[in-house]
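The values are calculated or read from the model by the stated rules, or taken from the named source; none is laboratory data. Here the structure is a predicted model, which is why all the values come from computation and not from measurement. Every residue, glycine as well, gets a Cβ built from its backbone with ideal geometry; the counts of neighbours run over all protein chains shown. With ligands, DNA and RNA removed, areas are computed over all heavy atoms of the protein, side chains included. Shrake-Rupley method; radii C 1.70, N 1.55, O 1.52, S 1.80 Å.
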Amino acid sequence: MRVWISAAAVAVVGLGGCSSLGFGDRSDLVVDPTHCRATTVPIYFEEGQAGLSDPARILIRDGAAALRGCAIDRVRLVGLASATGDAQANLRLSQRRAETVAGALAEAGLQAPQVELEAEGEAGARAAGVSEPVRRRVEVIIEARPAG
């Protein structure tokens, strides 16, 4: 226990001398993280639904706000569905989900020169007839960078 206390005291005293190395404050050493980077965000849906939940609307609104001031090169929306029901119906559902998210992003003020919509339906689901909540989503893939 004494070793830890002694080590902590030495570390505090040693780090206190950082200002003598020419760094006036923390901002000289740390770069703030930016939201202006490539990112992927999943937006989940209820079984058989293409409407957004309140938490999904908040996520989209807050995400669009965080990206204001960024240069957005591309937005790709990939709609997915679980393997319950008819394959063609799942494909249409995944398309409607992607369209719903595209509309919500536009309403939230996301400025993107190019928005691509893809519908994969149940492609890639593990087993036919299985309801997998993780499949009921739209992947929002954003390519962004700091403006300027």
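Under the rule of at least 5 residues apart or a separate chain, name every residue whose amide H is placed under 5 Å from the amide H of L117.
Result for L117 returns L77.
With a 1.4 Å probe and all protein chains left in place, how much of the accessible area of the stretch 36-77 comes from carbon and sulfur atoms, in whole percent? Before the final figure, lay out the partial values.
On the way: 1210 of 2340 Å².
Carbon and sulfur together cover 52 percent of it.
Rolling a 1.4 angstrom probe over the protein heavy atoms, how many square angstrom per residue are accessible across the stretch 43-148? Working shown, then result.
Numbers: 5510 Å² over 106 residues.
Result: 52 Å² of accessible area for each residue.
So, with +1 on the Cβ of K and R and -1 on the Cβ of D and E, and no other charges, what is the size of the charge dipole of the stretch 53-148 about its Cα centre, to the nearest 20 debye? Let's see the in-between values first.
Numbers: 13 positive and 13 negative charges, 29 e Å.
Magnitude of the dipole: close to 140 debye.
What ³J(HN,Hα) values, in whole Hz, does the Karplus curve 6.51 cos²θ - 1.76 cosθ + 1.60 give for the stretch 89-99 when θ = phi - 60°, with x put for Gly and Pro?
Values, residue by residue: 5, 5, 5, 5, 4, 5, 5, 4, 4, 4, 5 Hz.
HN-Hα J couplings of the stretch 36-51 from phi, Karplus 6.51/-1.76/1.60, θ = phi - 60°, integer Hz, Gly and Pro as x?
7, 8, 5, 8, 10, 10, x, 10, 8, 10, 6, 3, x, 10, 10, x
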